[in-house]
Amino acid sequence: MKDLFGREISYLRLSVTERCNLRCRYCMPEDGVCKKRHEEMLTQEEMLAAVRAAASLGVTKLRLTGGEPLAWPNIVSLCAKAAAVEGIGEVCLTTNGTLLPKLARPLRAAGVSRLNISLDTLDAEKYRAITRCGELSEAVAGIRAGLDAGFEKIKLNAVLIGGFNDDEIPALAELTRRYPLDVRFIELMPMVDREVFGPEAFLPYTAVTEALPELEPVAPDGGVAKLYRLPGALGNVGLISPVSAHFCAACNRLRITADGKIKPCLHSPEEVSIKGCTEEEMREKLRQAILAKPKWHGELNYAEPSRANRAMNRIGG
Ligand code: SAM
Ligand code: SF4
């Protein structure tokens, strides 16, 4: 289905949980999430009804996210059932990777086609600092498990943070020469808790092209990343610039949060609740949300942060 600006909406990002086994500084508060009552969150059946409703409106790509989707107990069964929904051509996951050693093969068998894995640094101390508790070795083991399970075109997502990992741009990009992976640098988005970082942490994507003058442009693949490649590399370097060069004109996505709110736009406070709705009611609400998609997310910078009213772990990224 098209929105009011002619954009075909074909991609749903469904967050299955707000909880996470890490506490990334740009994403969630140090003390975690206030534990919501179980009844406030979508059930697996409601998630599947939402996926069917979205597919009936033309959604073909589903991404499961969180919080940490692999920390949610029903993830493998949800993936298998979602992959079987008529019209859904691709089920993808965004994960911090730490639980992949156990889950990569079951997820692949359940029909998951793509993995995006978050990795902001290659230094164990810095990994512990940015995630407030994580072990780099567990994330690396997860990436290996994903490759060993046969996932192709795994994308590693690094949030670009001035004064934290800008000195690692070459080392992170270098992974694309050694492994069949894409590495994507994502501009840090100023969310409700942006004061965790100072303004100097917010770097534009051009920090990457300046650090790596040897990058060669690659033809776009229909996604939101500007694509480049290091000479002789096996994978691409992608640059995602929601802040310095927004891509709202090409936005094809809807989001549903774990507590059952459709978000027509990541950075808007507008939400439409589907908790407790029938599949037919969800379909109508999804249609309304598509028609309510704004033309763009509005100014987004340190002085004018996201109007989303939620930290990222409660949206899904
Ligand atoms: N736990 C999973 C993970 O870390 O990949 C999935 C959920 S996480 C919210 C989804 C993505 O959002 C991650 O790649 C994370 O780096 C990104 N993210 C979170 N907060 C962000 C922010 N303030 N700016 C840019 N990206 C952010
Ligand atoms: Fe957890 Fe992902 Fe947020 Fe990090 S970015 S705290 S791994 S949900």
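Just so it is clear, none of the values below were taken in a lab; they were calculated from the coordinates. Predicted model only: the values in this text are computed from it and were never measured. For neighbour counting, all protein chains shown are included, and Cβ atoms are generated from backbone atoms with ideal geometry for every residue, glycine included.
Just a few scattered comments:
- For the pair the stretch 156-199 / the stretch 247-299, the C-alpha centres are spaced 27 Å from each other.
- The value of relative contact order for the stretch 11-314, using C-alpha pairs under 8 Å at least six residues apart, is 21 percent.
- Of the DSSP H helices in the chain, those whose Cα atoms cover at least 20 Å axially and whose Kyte score averages 1.0 or more: none
- Dipole of the chain, positive direction: furthest Cα of G223, G238, L175, with charges on the beta-carbon: G223
- Helix-only mean residue ellipticity at 222 nm for the chain, each DSSP H run of n ≥ 4 adding -39500 (n - 2.57), per residue, nearest 500: -7500 deg cm²/dmol
- Theoretical FRET efficiency, 1/(1+(r/R0)^6), r = Cβ-Cβ of E8 and R144, R0 30 Å, to 0.05: 0.25
- Calculated FRET value between A84 and E281, using beta carbons and R₀ = 25 Å, to 0.05: 0.65
- Other residues with beta-carbon under 13 Å from the beta-carbon of L172 carry, at +1 per Lys or Arg and -1 per Asp or Glu, a net charge of -2.
- Near Y26, no amide H atom lies under 5 Å from its own; only residues 5 or more places off or on other chains count, and H is placed 1.01 Å from N.
- Coupling constants for the stretch 304-317 follow from the phi torsions by the Karplus curve (6.51 cos²θ - 1.76 cosθ + 1.60, θ = phi - 60°), and in residue order they are 10, x, 3, 8, 6, 6, 9, 6, 5, 5, 9, 10, x, x Hz; glycine and proline get x.
- Packing rank of 211-218, 56-63, 25-32, 112-119, where each peptide gets the mean count of other beta carbons within 10 Å, highest leading: 112-119, 56-63, 25-32, 211-218
- Label-zone membership for the stretch 151-184, site E125, 7 angstrom Cα→C-beta point, backbone N under 18 Å: 163-169
- 3J(HN,Hα) from dihedral phi, the stretch 259-272, Karplus parametrisation 6.51/-1.76/1.60, rounded to Hz, x for glycine, proline: 8, x, 10, 7, 10, x, 9, 3, 9, 9, x, 5, 9, 10
- Taking amide H as placed 1.01 Å from N in the peptide plane, the amide H of K293 sits under 5 Å from that of L4, each at least 5 places away or on another chain.
- Distance (nanometres) between label positions extended 7 Å along Cα→Cβ at A171 and D31: 3.4 nm
- Between amide H atoms placed 1.01 Å from N, distances below 5 Å from I256 occur with R13, L14, S15, K263, all of them 5 or more places distant or on a separate chain.
- Whole-Hz couplings from phi, Karplus 6.51/-1.76/1.60, listed for the stretch 237-251; x for Gly and Pro: 9, x, 10, 10, 10, x, 9, 7, 8, 5, 10, 4, 4, 9, 5
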